[in-house]
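The values are calculated or read from the model by the stated rules, or taken from the named source; none is laboratory data. Remember, it's a predicted structure, so these values are computed and weren't measured experimentally. Positions of Cβ are generated from backbone atoms using ideal geometry, with glycine treated the same way; all protein chains shown enter the neighbour counts. Please note that ligands, DNA and RNA were not included when accessible areas were found on the heavy atoms of the full protein model with its side chains. Shrake-Rupley method; radii C 1.70, N 1.55, O 1.52, S 1.80 Å.
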Amino acid sequence: MTTQTQAKTYKNYINGEWVSSIENKTVKSVNPADRNEIVGYVYLSGKEDLDQAVAAAKSAKTNWRKLSGAARGDFLYKAANVLESRLDEIAETMTREMGKTLPEAKGETARGIAILRYYAGEGMRKIGDVIPSSDNEALMFTTRTPLGVVGVISPWNFPVAIPIWKMAPALIYGNTIVIKPATETAVTAAKVIECFHEAGFPAGVVNFVTGSGSVIGQGLVEHPDVNGVTFTGSDYTGKRVGAAAFARGAKYQLEMGGKNPVIISKDADLDLAVEGTISGGLKSTGQKCTATSRVFVDNEVYETFREKLVSKVKEIKVGHGLESESWMGPCASESQLNTVLSYIEKGKAEGAELLFGGNKVTGNGLENGFYVEPTIFDNVNNNMAIAREEIFGPVLALIRVNSFEEAIELANDTEYGLSASIYTKDISNILAFINDIEAGLVRVNAETAGVELQAPFGGMKQSSSHSREQGQAAIEFFTSIKTVFVKG
Ligand code: NAP
């Protein structure tokens, strides 16, 4: 086990070099599976560190923009290869730093590699259209130009995939970047940046500054030389990021929380629905923005579904993410554990019936970690806090409905709109669900938490700033369109 004296301090990466923060203050990153293990230290950087990183990105942006897309793509391919060669080590660091099980961490790292390769290829795809001009002798077309310096602010729940799904498109479309990772998982993020360093990106193209959200995050959003900000995190922070970016005319993109519903219809394959509800709601300890949270079950199959669900949830093995038999790891931090426990208390106080779980997990050494049981509430009303607010933990709320129409109405009765799923064989209900559900990701006979890197990703309502990430949709945020009219 790593001890406090052995743990390394991970530096900032500015202008192609690993540098100490001018302020020289550090913060430790603790293993949520065992609070006694320190995974590493990162700097609590200050405004001057940030200014240096932004200045480096600004001075690198013209040369980077002038490279061909194919040349920029070569750097991304190299970064993918380095990350691939370090997959096991980086996945293990992720498990130690935020608790998700090793198979999930490996899957996420593999996704990061695939995203890098996908966007490397984007460097050779079209970036505009020819539009017939009303002047027969003119050529009119669109082309794309990068924003310039892009600020990347990422959360702790996907410490490899989310930074990469923002950085890769930013870079391929010709922007330089300054990333501020979530402090909770900044060691894992530093290792991702090491891969970019090893890939040989020109100095100043990729910059990495750790530090608090209120200093480095906010500083990035307010910095006059940062032309765009891409943010993923809570809606509380996101709204402030959006307002500050808007106030100074910077482009911004926000992906935020969810309160994702699954509808279990009376004709659903109940075994499949149980599997999807558990996987969608409890994997990663429920800490996915697309996690299933509200489970609307038709009255006709309510008791059968509930029985099957509880019997499967009982089999879940909670434990250290590095142990092969663990299916669910700890919450990512003590504060996250406390938030989950406080929502469980709120659910009980509001009159929901605690059907399973609800407690901290202790014994077998788990008392040193931030473990909570997978939890199911029965007889939940959609107006209760546990059905309205994002918990970001392994808590499922069962809500009884009497019809498909009632299920859709209640599923839409939320301020969020990220992901939604239905289990049914009825094609009319499937089509109605696709049309009527208010969510950016619509899933049929599949769990709410499934994202493919080549498809647009993002939410409706309060879940997003209505832009989309990933796939070819990413070009919309990371570039501006120029409409060109040429006459000889
Ligand atoms: P968070 O507290 O909002 O933090 C997100 C990032 O913002 C972190 O890097 C944080 O830095 C930084 N930050 C904090 N205060 C800031 C400020 N005033 N100005 C600028 N940046 C600031 O969110 P989180 O707890 O890390 O992540 C969980 C949330 O992310 C959940 O709501 C989840 O649904 C959402 N999420 C959404 C998606 C999606 O694609 N829709 C995907 C994953 C997660 P520090 O770490 O230093 O505080």
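Points to keep in mind about this one:
Table: residues versus (1) of a type in the set (A, V, I, L, M, F, W, C); (2) open to solvent by less than 40 Å² (accessible area, probe 1.4 Å); (3) in contact with a helix residue (DSSP H, G or I) (Cβ under 9 Å, 6 or more places away or on another chain); (4) closer than 26 Å to Glu389 by Cα.
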residue	(1), (2), (3), (4)
Val215	yes, no, yes, no
Gly219	no, yes, yes, no
Glu222	no, no, yes, no
Ser234	no, no, no, yes
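- Residues of region 314-361 that are β-branched (Val, Ile, Thr) and more than 16 Å from the ligand (Cβ to nearest atom): Ile316, Val318, Ile344, Val361.
- Of the residues making up region 89-105, those that are of a type in the set (D, E, K, R) and either touching a Leu at 6+ places or on another chain (Cβ under 9 Å) or under 21 Å from Gly369 (Cα atoms) (or both) are Glu92, Arg96, Glu97, Lys100, Glu104.
- Test for Phe377: is it in contact with a Gly (Cβ under 7 Å, 6 or more places away or on another chain) and open to solvent by less than 60 Å² (accessible area, probe 1.4 Å): yes
- Each residue in region 193-214 was checked for being among the aliphatic types (A, V, I, L, M) and either within 14 Å of the ligand (Cβ to nearest atom) or part of a loop (DSSP other than H, G, I, E, B) (or both), and 4 pass.
- Among residues of region 262-275 being open to solvent by 50 Å² or more (accessible area, probe 1.4 Å) and assigned to a helix (DSSP H, G or I), the one that is farthest from the ligand (Cβ to nearest atom) is Asp271.
- Filtered residues of region 215-254 (kept if of a type in the set (S, T, N, Q) and either within 7 Å of the ligand (Cβ to nearest atom) or assigned to a strand (DSSP E or B) (or both)): Gln218, Thr230, Thr232, Ser234, Thr237, Gln253
- Which listed residue is modelled with pLDDT of 95 or more, in contact with a helix residue (DSSP H, G or I) (Cβ under 7 Å, 6 or more places away or on another chain), assigned to a loop (DSSP other than H, G, I, E, B) and surrounded by fewer than 23 Cβ atoms within 10 Å (Cβ to Cβ), from Gly358, Gly351: Gly358
- Whichever residue in region 121-172 is near the ligand (Cβ under 10 Å from one of its atoms) and β-branched (Val, Ile, Thr) and, among such residues, is nearest to Val206 (Cα to Cα): Val152
- Note on region 108-182: enclosed strands (runs of 3 or more DSSP E) holding 1 or more residues that are surrounded by 23 or more Cβ atoms within 10 Å (Cβ to Cβ) are 149-153, 176-180.
- Among the candidates Arg468, Arg443, residue that is open to solvent by 30 Å² or more (accessible area, probe 1.4 Å) and under 15 Å from the mean Cα position of the chain (by Cα): Arg468
- Restricting the first member to region 224-236 and to residues that are touching a residue at least 24 places away in the same chain (Cβ under 8 Å), and the second to residues that are surrounded by 15 or more Cβ atoms within 10 Å (Cβ to Cβ) and of a type in the set (D, E, K, R), the beta-carbon pairs closer than 7 Å and six or more apart or on different chains are Asp225/Lys58; Asn227/Lys251; Gly228/Lys251; Thr230/Lys166; Thr232/Glu255.
- With respect to the stated conditions, Gly347 fails to be on the phi > 0 side of the Ramachandran plot and not assigned by TED's automatic domain parsing to the domain that holds Asp34.
- Condition met for Lys259 (open to solvent by less than 10 Å² (accessible area, probe 1.4 Å), of a type in the set (D, E, K, R) and modelled with pLDDT of 95 or more): yes
- Of all residues in region 281-295, those that are within 7 Å of the ligand (Cβ to nearest atom) have Cβ atoms under 9 Å from Cβ atoms of residues that are in a strand (DSSP E or B) and open to solvent by 10 Å² or more (accessible area, probe 1.4 Å), 6 or more apart or on another chain, in Cys289/Thr232.
- Ser428 in the same structural domain as Thr142 (by TED's automatic domain parsing) and more than 13 Å from Pro261 (Cβ to Cβ): no
- Entirely in region 9-100, the strands (runs of 3 or more DSSP E) that have 1 or more residues that are over 24 Å from Ala120 (Cβ atoms), in contact with a Lys or Arg (Cβ under 6 Å, 6 or more places away or on another chain) and hydrophobic (A, V, I, L, M, F, W, C): 17-19, 34-43
- Verdict on Glu300 being open to solvent by 10 Å² or more (accessible area, probe 1.4 Å), under 27 Å from Thr101 (Cβ atoms) and over 18 Å from the mean Cα position of the chain (by Cα): no
- Flag if Ile264 is under 19 Å from Ile430 (Cβ atoms) and either in contact with a strand residue (DSSP E or B) (Cβ under 7 Å, 6 or more places away or on another chain) or basic (Lys, Arg) (or both): yes
- Residue within region 332-351 that is within 25 Å of Ala273 (Cα to Cα), without any contact (Cβ under 8 Å) to a residue 40 or more places away in the chain and out of contact with any Gly (no Cβ under 7 Å at 6 or more places or on another chain) present: no
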